[in-house]
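The next block holds one structure in the form of structure tokens; read it before the comments.
Since every read-out is calculated from the coordinates, none of them should be taken as a lab result. Quantities reported herein were computed from a predicted structural model and do not represent experimental measurements. Cβ atoms come from the backbone with ideal geometry, glycine included; neighbour counts cover every protein chain shown.
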Amino acid sequence: MSNFGTRLKEARKKTGITQKDLSSKLGIAQSTVANYENNTRFPGETILREISEYLNTSIDYLMGVEETSYSQETEGLELTDRVLENFIANLIQGKGEEAKKIAKAIHSGGMKLTQIITDLFIPTLYRLGQMWERDEITVAQEHYSTGIISSLTEFLSEVEPTTNTKRHVALFMTPGDEEHTLSLRFVSQFFRAAGWRIIFIGRSIPLWDLKQVIKQGEVDLVVLSVFSTGSLNSAEYLVQALRNEGGKQSPKILMGGRGIDTRELAEKAGADIYLDNLEDLAEKIMEIEEMIK
């Protein structure tokens, strides 16, 4: 029992939770949590179980029965609010490997990458964006977290089995000088899950090279992610160049992204299909498949 306070404090700090946060969650005074950590008080069975669940650790570890806390590598980890908070906390604290363990454990438990994207990665990025706007995290922390999520997406895509059940091919890239490719990578995974063959270019390449890739890869669809409004002109130029080159045989164009927030802007830039959110993507893919039959 003498180790309980130390282990509780370590588990709390590991998840980035304050004494005030924990006391609020448990419905007890902050001073009570402090007493737990000082080993001057000990929680009852109900509170002990709630602490274990909220901090994502085992009662045995808190009690000193086992020497390691809850293993994030355990298969079958479910995505709960506590797991989401732990994932975010690890990213903010620079514990990329710990964050990776969480996502990999969720994936090994049976959750598909597309669902991990919508239920873990996107909520995390949204939260990090809010924290950055409130100066609660630095630009470096935000960039580090984005990099970890990007590498996780690539890794899980490689280990998740899939078959190209369709002959459709989609190419993914950003126009102009766009550097933000993470949302584009997210979108590509939905096409991959739908049985498409994926050609992920990412940042823009010279037009001649792009035309060669499209021709040799027999690309049916080009997906352009426009993150900033300044890239709209580049997107429009790129689409026009592809149309002039391929005529009726040129691939369909799908556009989306923060910098192109209306269908009218997408159509003006030459897009055949406009995507405003991932929730509609599965249905959009079916529509696209009808268009290119």
Checklist outcome for this item: Listed by chain and number, the aspartates and glutamates with an alpha carbon less than 17 angstrom from that of Lys211, same-chain partners under 8 positions apart left out, are Asp220, Glu236, Glu245
Item to check | Sequence-distant residues sharing a close amide H with Ile260 (under 5 Å, placed H) | outcome: none
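Please find the FRET efficiency linking Lys112 to Asn35, where r is the Cβ-Cβ separation and R0 is fixed at 45 Å, and quote it to the nearest 0.05. Walk me through the numbers before you get to the answer.
Working: r = 44 Å, r/R0 = 0.98.
E(calc), rounded to 0.05, equals 0.55.
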Checklist entry - Mean projection of the alpha-carbon convex hull of the chain over all orientations, in nm²? => result 17.3 nm²
Next on the checklist: What whole-number distance in Å separates the alpha-carbon centres of segment 231-293 and segment 118-173?
Outcome noted: 22 Å
Checklist entry - Between Glu98 and Thr165, what FRET efficiency follows from the Cβ-Cβ distance if R0 is 41 Å, with the result rounded to 0.05? => result 0.70
Item to check | Relative exposure of Met63, Met286, Met255, judged by other C-beta atoms within 10 Å (fewest first) | outcome: Met286, Met63, Met255
Checklist outcome for this item: Looks like segment 152-208, by Cα gyration tensor root eigenvalues a ≥ b ≥ c and the a/c under 1.5 rounded cutoff (else prolate when a/b is bigger than b/c, oblate otherwise), is oblate
Item to check | Taking the chain and dividing mean pair separation by its residue count, relative contact order in percent (alpha carbons under 8 Å, at least six apart) | outcome: 11 percent
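Going by how many other beta carbons lie within 10 Å of each one, how would you line up Tyr126, Tyr54, Tyr36, Tyr237, fewest first? The partial results should precede the final answer.
Working: Tyr126 10, Tyr54 20, Tyr36 26, Tyr237 15.
Sorted ascending by nearby Cβ count, the order is Tyr126, Tyr237, Tyr54, Tyr36.
With a cut-off of at most 12 other beta carbons within 10 Å, and DSSP calling the residue loop, which trypsin sites (Lys or Arg not before Pro) in segment 163-245 qualify? Please list them. Spell out each step's value before the answer.
Numbers: sites: Lys166, Arg167, Arg185, Arg192, Arg197, Arg203, Lys211, Lys215, Arg243; in loops: Lys166, Arg167, Arg203.
Filter output for segment 163-245: Arg167.
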Next on the checklist: Defining a contact as two alpha carbons under 8 Å apart and six or more residues distant in sequence, what relative contact order in percent does segment 240-293 show?
Outcome noted: 30 percent
Checklist entry - Taking amide H positions as placed 1.01 Å from N in the peptide plane, with prolines and chain starts having none, which residues 5 or more places from Gly202, or on another chain, fall under 5 Å of its amide H? => result Phe172, Met173, Thr174
Next on the checklist: Given the DSSP H assignment, sum -39500 (n - 2.57) over each helix run of at least 4 residues in the chain and divide by its residue total; what's the result at 222 nm in deg cm²/dmol, nearest 500?
Outcome noted: -16000 deg cm²/dmol
Item to check | Table column - 3J(HN,Hα) (Hz), segment 206-212, Karplus curve with 6.51, -1.76, 1.60, x for Gly and Pro | outcome: x, 4, 4, 5, 4, 4, 5
Checklist entry - Hey, fewest Cβ within 10 Å first, where do Thr80, Thr57 land in order? => result Thr80, Thr57
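Give Lys215/Lys268; Lys166/Lys293; Lys100/Lys284 a once-over and call out the pairs whose C-alpha atoms are over 23 Å from each other.
On the way: Lys215/Lys268 25 Å; Lys166/Lys293 11 Å; Lys100/Lys284 30 Å.
Going by Cα-Cα distance, Lys215/Lys268; Lys100/Lys284 fall outside the 23 Å limit.
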